[in-house]
Every structure is written in structure tokens, then in C-alpha cells.
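Report on the structure given below.
All of the numbers you see were taken from the coordinates with simple rules; none came from a lab. Model, not experiment: these values are computed from the prediction. Don't worry about glycine lacking a Cβ; one is built from the backbone with ideal geometry, like all the others, and counts go over all protein chains shown.
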Amino acid sequence: MWRVGPEVETLTDDVRHAGCRATVSRYVGVSETDVEGRFQLFWFTPEGEPEWQAGALSVGCLLHSPEGALKASVKGAGRKALAATG
């Protein structure tokens, strides 16, 4: 989950992508370039939820490996997560 800061005036797809890329790279422990080149990112915003309407702007970030199923959690796995597909 990524919390949108007050510096974000408009929550565009580009902003969502950049925020999720940074969040996922920290979660996995790799550079944003590694995430961008190897995984697909998807996101969702709970726009209908009361928290969102009240200003708690969060974006859920999902990681997908187009090369096959991940064999284990990628949390903190670092670069070895990049070889976890197949």
C-alpha cells in the first residue's frame, strides 16, 4: 500500500505507476529499474471507500511476473527474487 502525499495534486496513472514502482522496489529490495524491467505493476484505489473520500489517499500496488509464477514471497528477497520465476 502506498500513501499519496500532499505534494500530489492530481492522481494520474503516471503518478500511480511511479508511486507503486518505488513502493514495490523498496518491498522487494531492488532498484526501481529492476522492477520496471522485470515485473508488471498494477494498482487500485479504493475510491468508493469512506477513508478515500475523507482524504486518506492510498493506492494498493500489485506485482505480477509475466515470466511465470513466483516461487516464494518477494518481500526483502532482493535480486534473487528476479530469478524466482520460471
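Some observations on this one:
- Label-point separation, residue 44 to residue 11 (7 Å along Cα→Cβ), nm: 1.4
- Potential lengthening of the chain between residue 80 and residue 18 amounts to 20.0 nm, from the contour at 0.36 nm per residue minus the alpha-carbon distance.
- When peptides 20-27, 60-67 are sorted by average Cβ neighbour count within 10 Å, with the highest value leading, the order is 20-27, 60-67.
- Remark on residue 4: its backbone amide H falls under 5 Å from those of 57, 58, 59, a criterion applied only to residues 5 or more positions apart or on other chains, H modelled at 1.01 Å from N.
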